[in-house]
Structure formats: C-alpha cells, structure tokens
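Data first, discussion second: the structure below is written as structure tokens.
Every read-out reported here was derived from the displayed coordinates using simple, explicitly stated rules and does not represent laboratory data. Since this is a predicted model, take the numbers as computed values, not measurements. Neighbour counts run over all protein chains shown; Cβ positions are idealised from the backbone, glycine included.
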C-alpha cells in the first residue's frame, strides 16, 4: 500500500486571491454534492517590497515570542526558505545558519497554537499519529482541500497501537479528495500532475473495492454530511 501525505507550503503574507471553480462530486448511488471553491490566497514571501528578511526578523520574532501564531508561521516558513539550498541571496542576506535552523520550531509553535495554515505543514511531519489527526482536522475545518486527502490516508491506516483503521471515514474523505483531484487535474499534461491524479484514483479505487455495500452507503452519507457541515470547504485546488 502506498501512503501519500501531502505537505502544505505557504507564507503568512498573502496577495490577491485565486478563485477556484465549483466542483460537483457524483457518488456511486447517483447522488451529488457541490463544493463551492473558495478563493485561495496566493502566497508570497514576507519580502513584499524586496526587503531582506533580517530587516523584519527582530519584529517578527518578538511577535512570535509573545504568542502571535501568524507571526510564528511567517517567520518559520521564511527561515526554512533561507535554510534550504540554494539560499536566495538578497532575501536571506544577514540570516545566520543557526537562525535559519530555528524555522521548523517556529512553524511547530504556530501549529500548536492552532493556526490553520501551519496545521497541514506540521501534520505531514507527524505521519500516522493521533497528533497528526488533530492537526489534519484543524486544516479540514479551515477548508484546506489537501486535508481530505490526508485524512483518507490516515483513517485507512489508523494509528499504530492507538486507533484502528476506519474504512467508512477513509472512504468518505476519499470521495471528497478524489472528486476534487479529478477536477483540478482533469487536463493535466505534466508527468507530476498526471502521476498525482493516477495515485489519487488508485487509492480511491482501492478503498472503494475494500468496502462492503453497507460501508459504501455509510461513506457516501458521511461525505455529504462532512461537506454540508463545513462551510469553509474548500480551497487549495
């Protein structure tokens, strides 16, 4: 079984939004659900005006230390950017290696504070644990499309020694994730996007084949309920 956990990468500061089209999911029983695509913030680095990170490093760090989760997220992602070769010379000038090495800790703090954009990023590092489930649920409630994909994988596998797999929840989130993936990658032409679409279809087909008729019916009802009860769903596609 190939497990796929997607990581979210973005920065606090956002410019204009990218509007997503609505997606209609058709279930095997003939019922449908429509997902109203939310405007997706387009990420930009915190150097909006071309200023190097060091010029706002102290201010961001002070805000993050005082508990500002959004500042911790922006600082963490920016520092990780500077800690990953090749460094962007203009943006990262003046940032030491030891400072850049703290990037992961700041993103962790943002996630622990319940900041939604940080949740997917942090959950991807926790893999199949109960803690990962907590942060994936935060991301799903925020409306992040990738959370549905990762929740399907989580519930299919469960948490070793802690929680058993839940095929109904796995299939319910899989219906949502695969439906959106089919839409967003319908005209895929690059190898990466085609492979992503095929992996999603393969995982969904596996979950569908493993479910009994009763489980399929329960999963369809649950998927529709999940969509109805989450007014934020969805963006990121």
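How far is it, in nm, from the label point at residue 22 to the one at residue 66 when both lie 7 Å from their Cα along the line to the Cβ?
4.4 nm
Between residue 221 and residue 54, what is the label-point separation in nm under the 7 Å Cα-to-beta-carbon projection?
6.3 nm
Once the Cα atoms of helix 145-157 and of the chain are each reduced to a long axis, what angle between those two axes, in degrees from 0 to 90 to the nearest 10, is obtained?
60 degrees
Over the chain, what is the percentage of antiparallel beta bridges among all DSSP beta bridges, to the nearest 5? Each step should come with its number before you reach the end.
Numbers: 8 of 9 bridges.
Counting DSSP beta bridges with both partners in the chain, the antiparallel share is about 90 percent.
Tell me, 75, 226 in order of fewest to most beta-carbon neighbours within 10 Å?
Details: 75 31, 226 19.
Fewest-to-most Cβ neighbours within 10 Å comes out as 226, 75.
Using 7 Å Cα-to-Cβ label points, what is the residue 230/residue 188 separation (nm, one decimal)?
Calculated label separation equals 2.0 nm.
Using Cα atoms only, what is the angle between the long axis of helix 167-184 and the major principal axis of the chain, expressed in degrees (0 to 90) to the nearest 10?
70 degrees
Using a Gaussian network model of the chain whose springs link C-alpha atoms within less than 10 Å, name the residue from 28, 165, 86 with the highest mean-square fluctuation.
86
What FRET efficiency comes out for the pair residue 205/residue 141, r = Cβ-Cβ distance, R0 = 25 Å, nearest 0.05? Before the final figure, lay out the partial values.
Working: r = 28 Å, r/R0 = 1.10.
Taking R0 as 25 Å, the efficiency between residue 205 and residue 141 is 0.35.
Roughly how tilted is helix 130-142, in degrees to the nearest 10 and between 0 and 90, from the longest Cα axis of the chain?
In the chain, helix 130-142 runs at an angle near 90 degrees to the longest axis.
How big is the Cα convex hull of segment 131-237 in projection, averaged over all directions, in nm²?
Working: hull surface 27.5 nm².
Its average projected convex-hull area is 6.9 nm².
If R₀ is 45 angstrom, what is the calculated FRET efficiency for the pair residue 212 and residue 104, using the beta carbon separation as r and rounding to 0.05?
Numbers: r = 42 Å, r/R0 = 0.94.
So the FRET efficiency works out to roughly 0.60.
Give the Cα extents of the chain along the principal axes, in whole Å, largest first.
So the extents along the principal axes, rounded to whole Å, are 60, 41, 33.
Among 189, 24, 196, 107, rank each residue by its count of other Cβ atoms within 10 Å, from fewest to most, as a rough exposure measure. Let's see the in-between values first.
Working: 189 7, 24 10, 196 18, 107 24.
Ascending number of Cβ neighbours within 10 Å: 189, 24, 196, 107.
With springs connecting C-alpha atoms under 10 Å apart, model the chain as a Gaussian network and identify which of 65, 23, 168 has the largest mean-square fluctuation.
Largest GNM mean-square fluctuation: 65.
Counting alpha carbon pairs within less than 8 Å and at least 6 residues apart, what relative contact order, in whole percent, applies to the chain? The partial results should precede the final answer.
Details: 378 pairs, mean separation 48.8, N = 237.
With pairs under 8 Å counted, the relative contact order is 21 percent.
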